[in-house]
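Contents: one structure, followed by commentary.
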Amino acid sequence: MNDTENARLERLLEEVQKPARYIGGEMNATVKPWDSVKTHFAFCFPDTYEIGMSHLGMKILYYLINGRPDAVCERVFMPGADMADRMREESLPLFGLESRHALSEYEIVGFTLQYEMSYTNILEMLDLGHIAVFAKDRAEADPIVVAGGPCAFNPEPLTPFVDAFMIGDGEDVMHELIDVIRDGRAEGLSRKEIFRSLARLEGVYVPSLYDVSYNGDGTLKSFAPNDPVAPASVKKRVVKDLSAAVYPEAIPVPYTEIVHDRMVLEIMRGCTRGCRFCQAGMLYRPVRERSMERLMELADKLQQSTGYEEMSLSSLSSGDFTCLPQLIQALMDRYREKRVSVSLPSMRIDSIVKQSLEETQQVKRSGLTLAPEAGTQRLRDVINKGVTEEDLIRSVTDAFECGWSSVKLYFMMGLPTETDEDLQGIGHLAKKVVDAYYALPKEQRSKNGVKVTASASVFVPKPFTPFQWAAQDTIDQVHEKQAKLRQYLKIKCVNFNWHESQLSMLEACVSRGDRRMGDVIYAAWKRGCRLDSWNEYFKFDQWLGAFEDCGLTPDFYAYRERPYEELLPWQFIDAGVSQEYLRKENEKAKAAQTTRDCRRGCNGCGLHTWGVCDWVKHPPLKDTDKTSAPLFD
Amino acid sequence: MKMIVVFEKAPRLRHIGHLDLMRAMQRALRRSGLPLCYSQGFNPHILLSFAAPLSVGMPGRREIMEVPLSEEMTAEAFLQKLSSALPPDLPCLEARGVDDRHPAPMALLSAAVYEAKMEAIPEGLSAAIEEFLAQKEIPAVRKTKSGLKDCDLRPMIYDLSLTGGVLRMTLALCEKATCKPDLLLDSLFAFSGLPRPRALITRTALLGEKDGALVPLEAL
Ligand code: SF4
């Protein structure tokens, strides 16, 4: 931005809400002189500052790219609606927080895809950044727009807007991608040639090098490369050794409050549990742990560089981390003096935590959140959630004994094979949790009185899960079930929360969408949709209108059970977990048969042929080895 | 012992509120490795107090805080350690070690100096200021926690002068009487009938009283 633009921006900041979102200059923000590097990477998070700044993946890649002497990574977030409108009126471009360059001035503009309902924000950000929204409209010198993250495993809905996708773990492929673009630009290669070089990288998908065709009924007929350099199947990238992988030793410390304002240690990636609804559980296989030594080293560096007063451990299922008790103990010993508290998102209240709670107050007593997911054992077997009612009652009893008094219970409604009995089961479980509290002697329980909050989200079938073929409940069905649940949860001390079914329906459409879904996203954005996950901005009728504009229906994407023979839009991506395995798991689900935790023996999910999964050869856990219930959310 | 510290809140940080600034300072202190004192209780926090909170939207050129320490150290060593832990827009400028019994800066505060940098200076402003100050009483309505309150601004104005494009104001700031610069500008421009230009107001100094005169607070 030039001086007058800067001055106009400063004036704008006096007018808009939450101006601190836009100022940058945080501790540990990396500022490099613009001309000192060859490649400028704008890391775009398609949601607001408070949400994006809480995201671990962004911190890892920010640190990784800025670690290169030849590149700089700057942060860009989705502005609030007021700011976006005012920037347009003032024709001020969306800019990187560090140097305030317009988005269009970076060689690479990269989006992280964490949630399908943030896709309209991507279009809004490109447009605000003065970059052509459609990839085909970009000029030779325009930035190359890339994207990665979990939602990139079905890239098809975003193919009209994104030049290249990175599939899988980003640490290694990011370097390769930057190298290719840097060299290609230096050699004066055309965009097309750079794209062709990118397509040669493992884990990179360049949509313009593939053609699709559809059957008369709207299903996918064919999907194939139109260029010999593009592989027929794009294999996800896997970082094999997490301890050796780059991890941030310093992260920007925001001035203003964000959603998760603390340092985060990623202790493990992946999960062996195999819950059948869980996309992350399948995408992030295999399980890889960071070593204790590495974690302690990172903890120290992060603590010194950020001054944070709170540390949290992150993974899909922290309770499964081999040395969890030792790690917690070591962290608490190390930081007692410095008054740093340790919070566990997947809180396991077994002996160690209980003891340390009594000793010190260093473990954060955040709310207790448990995720039984379904109301009956039958349905929990269908989804392979290896949790019993006994596990749940034991866990809450432990927690009540430790002084907790409020419990959140997460459920899903609309799971495959769900019946009224399963909904009633949710009521029964909630009641039993209340009873568990009153079963304790008076002097052992907290004086606050028990409070149970039961939340029921709407099940969204996701690609690369055994339920990827399943039909979602219709909005009417969901409303009916919500009404019933309201009845079943009319229990003293129990509150019921339910989720917006319209948003879940759209999420189902987009997450399992094909290329034509891109047209719907564009039409929705043109009709004014953005910040869809923010209640106050969500415009369901405009989304429905967008489907109509494109001659498509949500029913086709969300409500239709897909036959196994159907070519799925994301099938060309090789996520390691094979389609055969997913099919087998889906059949087992229908028969309510469970599948063991991989640590009790490899289930042959497909990744066993890749040579990246340690548990294939690992001696399986014995029946007597305790593994805590994967209950904690 | 404790340190009386002068620091700057640079213009970029003007949108940061008092609580956010406090948190940023506490995190900087944690990074610094200084021997800090902590509060007791469930969520221990670093002991630290500011002489006067700055309102959102206002930079501060010489803000003052007090940091209790658990060990003796020199002001130079303190400054060096803290400086290395502070973000670029929050530099510390001076420090002075004092005894634990030294009164808190907040208790010694009586006034503050503000500079309003105006985008355009309306013609006749100098003359208007003179007339404005010549009033015996300057009635105004002040917003307080307990609602609107009538007050007289005149005794709360120690100084008001225009040099270059900058309006300099020395106004009462203590428990008994506080005149916010915004209120003063409202009153001045309403009185003069001149259009009020956009202005960036910076608090440039905090003052205390010594022998009947206003002196920099950090010197007390
Ligand atoms: S390869 Fe075997 S052990 Fe590894 S994730 Fe797949 S099923 Fe589990």
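The values are calculated or read from the model by the stated rules, or taken from the named source; none is laboratory data. This one's a predicted model, so the numbers in the text were calculated from it and none came from an experiment. Quick reminder, even Gly has a Cβ in these numbers, built from the backbone with ideal geometry, and neighbours come from all protein chains shown. With ligands, DNA and RNA removed, areas are computed over all heavy atoms of the protein, side chains included. Shrake-Rupley method; radii C 1.70, N 1.55, O 1.52, S 1.80 Å.
Annotation: extensible slack from B:E123 through B:H45 equals 22.9 nm (criterion: 0.36 nm per residue apart, minus Cα-Cα distance). Average 1/r across all pairs of distinct alpha carbons in region A:431-505, invert it, and you get the Kirkwood radius: 14.8 Å. A Förster radius of 41 Å, combined with the Cβ-Cβ distance separating A:Q377 from A:N215, puts the computed FRET efficiency at roughly 0.50. Cross-link check: pairs A:K59/A:K192; B:K2/B:K81; A:K136/A:K462; A:K59/A:K236; A:K431/A:K492 evaluated at a Cα-Cα cut-off of 19 Å; pairs beyond the cut-off: A:K59/A:K192; A:K136/A:K462; A:K59/A:K236.
Shielding by partners for peptide B:84-95, expressed as the average number of C-beta atoms from other protein chains within 10 Å of each residue's C-beta, is 2. Note: relative contact order over region B:19-146, using C-alpha pairs below 8 Å and six or more positions apart, is 23 percent.
Amide H contacts of A:K235 (H built 1.01 Å from N, in plane; Pro and chain starts excluded): A:G203, A:D574 sit under 5 Å, all sequence-distant by 5 or more or on other chains. Amide H to amide H distances under 5 Å link A:I144 with A:I108, A:V109, where only residues 5 or more positions off or on other chains count and H is placed in the peptide plane. Protection proxy ranking for A:313-326, A:220-233, B:182-195, using the average of other Cβ atoms within 10 Å per residue and placing the highest first: A:313-326, B:182-195, A:220-233. The Rg/Rh ratio for region A:379-422 is 1.07, where Rg is the radius of gyration of the alpha carbons and Rh is the Kirkwood radius. With a Förster radius of 22 Å applied to the beta-carbon distance between B:S83 and B:K210, the computed FRET efficiency rounds to 0.15.
Between B:E94 and B:V6, the built amide H atoms are under 5 Å apart, and every one of these is 5 or more places off in sequence or on another chain. Couplings 3J(HN,Hα) of region A:36-42, computed from phi: 7, 10, 8, 10, 10, 10, 9 Hz, in residue order, whole Hz [Karplus 6.51 cos²θ - 1.76 cosθ + 1.60, θ = phi - 60°; x for Gly and Pro].
About its Cα centre, region B:2-102 has a charge dipole of approximately 360 debye under the convention of +1 per Lys or Arg Cβ and -1 per Asp or Glu Cβ, with nothing else charged. Let's test the formula: R0 of 22 Å, r as the Cβ-Cβ distance of B:D100 and B:K176. What FRET efficiency results, to the nearest 0.05? Efficiency for this residue pair is about 0.25.
Each of A:T419, A:L503, B:Q26 was placed along the dipole of the protein assembly as shown (beta-carbon charges, centred on the mean Cα), and the one lying farthest toward the positive end is A:T419.
Once the Cα-Cα distance is subtracted from the 0.36 nm per residue extended length, the A:K590 to A:S314 segment shows a gain of 96.1 nm.
Once the mean of 1/r is taken over each pair of separate Cα atoms and inverted, chain B shows a Kirkwood hydrodynamic radius of 18.8 Å. With the simple spin-label model, which puts each label point 7 Å out from Cα in the Cβ direction, the A:E389 to B:D150 separation comes to 7.2 nm. Compared with the dominant Cα axis of chain A, that is its longest principal axis, helix A:501-511 is turned about 60°.
Translational diffusion of region B:2-102 was estimated from the Stokes-Einstein equation, with Rh taken as the Kirkwood radius over Cα pairs; at 25 °C and 0.890 mPa s the coefficient is 178 µm²/s. Spin-label model, A:E480 to A:D614: label points 7 Å out along the Cα-to-beta-carbon direction sit 4.9 nm apart.
Each residue of region A:145-150 is assigned a 3J(HN,Hα), and the resulting list reads 9, 10, 8, x, x, x Hz, derived from the Karplus form 6.51 cos²θ - 1.76 cosθ + 1.60 (θ = phi - 60°), x at Gly and Pro. Taking every alpha-carbon pair in the protein assembly as shown and binning the separations at 20 Å intervals from zero gives 13, 41, 34, 11, 1 percent. The Cα atoms of region A:424-471 define a convex hull whose projected area, averaged across directions, is 5.3 nm².
Decide, for region B:109-219, between rounded, prolate and oblate: order the square roots of the alpha carbon gyration tensor eigenvalues as a ≥ b ≥ c, take rounded if a/c falls under 1.5, and otherwise choose prolate if a/b is larger than b/c, else oblate. It comes out oblate by the Cα gyration axes. From the Cα gyration tensor of region A:1-100, with a ≥ b ≥ c the square roots of its eigenvalues, which class applies: rounded if a/c is under 1.5, or else prolate if a/b is larger than b/c, or else oblate? The shape class here is oblate. About the centre of its Cα atoms, chain A shows a dipole size close to 1760 debye [charges on the beta carbon of Lys, Arg (+1) and Asp, Glu (-1) only; nearest 20 debye]. Each residue of region A:186-192 was assigned a 3J(HN,Hα) from its phi angle through the Karplus expression (A = 6.51, B = -1.76, C = 1.60, θ = phi - 60°), giving 5, 7, x, 5, 6, 3, 4 Hz with x at Gly and Pro. Working ranking of peptides A:449-456, A:516-523, A:290-297 by packing, defined as the average number of other Cβ atoms within 10 Å per residue, highest first, is A:516-523, A:449-456, A:290-297. A:K192 exposes around 100 Å² of accessible area when a 1.4 Å probe is run over every protein chain in place.
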